[in-house]
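Accompanying notes for the structure given below.
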Amino acid sequence: MAQRETWTSRAGFIFAAVGSAVGLGNIWSFPFQTASNGGAAFLVVYLLAVFLIGFPTMLIEFTIGRRSKQNAVSAFAELGYGDWTFAGAIGVFASFITLAFYSVVGGWVISYIVGSVTGAYLGDAGAYFGSVSSGLVAVGAHALFIAVTIGIVAFGVADGIERATKFMIPAILVLLVGLAVWASTLPGAGAGYSYYLSPDFSVIASNFGDIVPAAMGQAFFTLSLGFGVMIAYASYLGRDDSLPGDSAIIVVLNTIVALLAGFAVFPILAATSGVGGASGGAGTAFIALAGAFGQLPAGQIIGLVFFIVLLFAALSSSISLLEAPTSYVVDSQGMERRTVAIGIGAVAFVLGIAPAYGYVGLFNDLVFNVLLPVAVLFIALFVGWVANREAVDELGRGSSIGEGATTIWLWWVRIVVPIAVIVTLYLGVTSFYTGLTTGAYF
Ligand code: TRP
């Protein structure tokens with residue numbers, strides 16, 4: 001079999017992992033989850049979820065990946081625990097489901113770039129969303145988005161994924177800073193900041209059952225956890241650098257991008273339709289923002305920049321969602337990467353026809369409320385209670401963190417992470433079930 005690929009450098013891995021993490025989750029979902037869950041109160045719970053649960057969970061995947069040097073399905077057998085293969089298989093299957101609806105939303109972004117150029121959404125933002133979000137236009141844009149994703153993954157780990165993310169991540173950062181600075185000059189920006197940044201803790205107390213699963217799901221999603229992406233990416237590490245160090249950089253950069261997106265979006269909403277009116281389904285963000293761009297001076301240019309940022313973010317993540325199943329087939333069947341990427345991408349395209357006809361909400365909630373917590377729960381139990389010696393050893397390699405810190409991490413992964421995930425899963429499944437039975441998705 002051919003030599004397995006590796007990143008060209010530590011920075012290459014970090015760019016790719018940040019690219020996976022920074023996505024629609026940061027720029028589309030985060031500001032609007034925050035807006036509809038009470039503003040700053042949600043932000044506080046979300047940051048706790050990211051740093052206390054997400055960060056240690058990322059280390060779970062990094063240790064499995066770098067230790068096994070295998071994709072997320074084969075990794076378990078490679079480490080000598082073939083019985084746990086199902087845990088990786090659930091994740092990789094879920095990454096494939098996620099890719100299907102993620103690509104549909106990526107297609108919406110393409111339509112909004114076109115709409116920014118033609119000015120088509122400036123007059124009636126709701127009508128524009130209606131015309132591009134489902135039906136043939138949505139299917140076509142979804143096809144285009146997934147084709148670009150396949151194109152990048154087909155080029156491979158270093159020449160495709162690493163090269164694309166090294167370009168896209170700096171571009172996202174620079175453009176988002178520009179947008180946030182511009183937004184700060186809008187009249188009424190202050191009201192946006194205060195909703196975003198001054199927490200009202202009574203909101204948490206009275207909406208605990210909604211805020212906690214939303215914040216936890218958002219934390220796992222934004223960090224690309226659970227679905228074997230970070231296992232696959234860490235499996236291409238050629239040498240031992242500090243996993244906690246890399247993980248800290250990735251988590252912090254990902255958080256900075258989400259916060260920046262909030263600094264752009266909240267003043268824009270406050271200056272136009274208002275921050276409170278942004279709750280609702282998957283389309284709200286597109287309608288609210290496009291409507292805002294229609295009312296603002298230079299809104300068309302700002303809209304173009306915003307949707308280009310969103311497209312880069314979406315692509316640098318969708319390639320990781322395709323890489324997880326692709327790496328499995330390449331590793332285990334020894335097939336050619338290009339063929340595999342095209343084949344899996346084509347099947348994800350077909351599966352995505354359902355969300356392209358109006359079921360984005362269903363796919364989104366299935367992923368956030370059910371698949372993510374289930375997948376994270378299994379890998380946490382695996383590393384905490386089964387492969388704990390290997391994981392602790394791997395965590396220490398190339399890193400200067402002491403035995404004390406590693407032990408705390410292990411017990412955290414054994415006890416705290418599973419409890420947090422089980423609570424999330426219970427609340428998330430309950431709300432998903434309610435949605436199914438009340439017909440919210442159909
Ligand atoms: N993190 C990405 C975002 O925020 C989405 C994503 C990419 C993802 N790969 C993933 C989510 C793996 C869960 C698992 O948009």
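Computed from the coordinates by the stated procedures, all read-outs in this text should not be read as laboratory data. All values reported here derive from a predicted model rather than from experimental measurement. Methodologically, a virtual Cβ is constructed for each residue, glycine included, from the backbone with ideal geometry; neighbour enumeration extends over all protein chains shown.
Some points to look at:
- Of interest is the spacing of the C-alpha centroids, which for segment 232-268 and segment 41-79 amounts to 13 Å.
- Among the chymotrypsin sites (Phe, Trp or Tyr not before Pro) in segment 255-325, none is located in a DSSP loop while being surrounded by at most 13 other Cβ atoms within 10 Å of its own Cβ.
- Residue-averaged 222 nm ellipticity for the chain, from DSSP H runs of 4+ at -39500 (n - 2.57), nearest 500: -23000 deg cm²/dmol
- Net charge over other residues, Cβ less than 14 angstrom from the Cβ of residue 435 (K, R count +1; D, E count -1): -2
- Looking at segment 77-109, the chymotrypsin sites (Phe, Trp or Tyr not before Pro) that sit in a DSSP loop and have at most 16 other Cβ atoms within 10 Å of their own Cβ are 81.
- Of every Cα-Cα pair in segment 356-442, the percent that sits beyond 19 Å: 52 percent
- The eigenvalues of the Cα gyration tensor, multiplied by 5 and square-rooted, give segment 190-268 an equivalent ellipsoid with semi-axes of 31, 17, 10 Å from largest to smallest.
- Spherically averaged projected area in nm², based on the convex hull that wraps the Cα atoms of segment 254-336: 7.5 nm²
- Cα centroid of segment 194-230 to Cα centroid of segment 328-378, whole Å: 24 Å
- Options 21, 316, 190, ranked by Cα towards positive dipole end of the chain, top entry (Cβ charges): 316
- Pairwise Cα distances in the chain exceed 41 Å in 11 percent of cases.
- Per principal axis, descending, Cα span of segment 1-73 in whole Å: 53, 23, 21
- Here segment 113-233 is treated as a sphere whose radius is the Kirkwood value from Cα pairs; by Stokes-Einstein at 10 °C and 1.306 mPa s it diffuses with a coefficient of 84 µm²/s.
- Convex hull volume per residue in cubic angstrom - Cα atoms of segment 1-153: 176 Å³
- In plain terms, the residue of 58, 168, 230, 335 with the fewest other Cβ atoms within 10 Å comes first and the most crowded comes last, giving 335, 168, 58, 230.
- Cα centre as origin, Lys/Arg/Asp/Glu Cβ charges: segment 148-250 dipole, Debye: 200 debye
- Segment 82-110 and segment 284-303 have Cα centres spaced 31 Å apart.
- Segment residue 256-residue 77, length gained on full extension (0.36 nm per residue, minus Cα span): 60.8 nm
- Simple label model, 7 Å out from Cα along Cβ direction - residue 430 to residue 393, nm: 4.3 nm
- When the square roots of the Cα gyration tensor eigenvalues are ordered a ≥ b ≥ c, the ratio a/c for segment 160-222 is 1.5 or more and a/b does not exceed b/c, which makes its shape oblate.
- Order of 323, 5, 403 under a 10 Å beta carbon neighbour criterion, fewest first: 403, 5, 323
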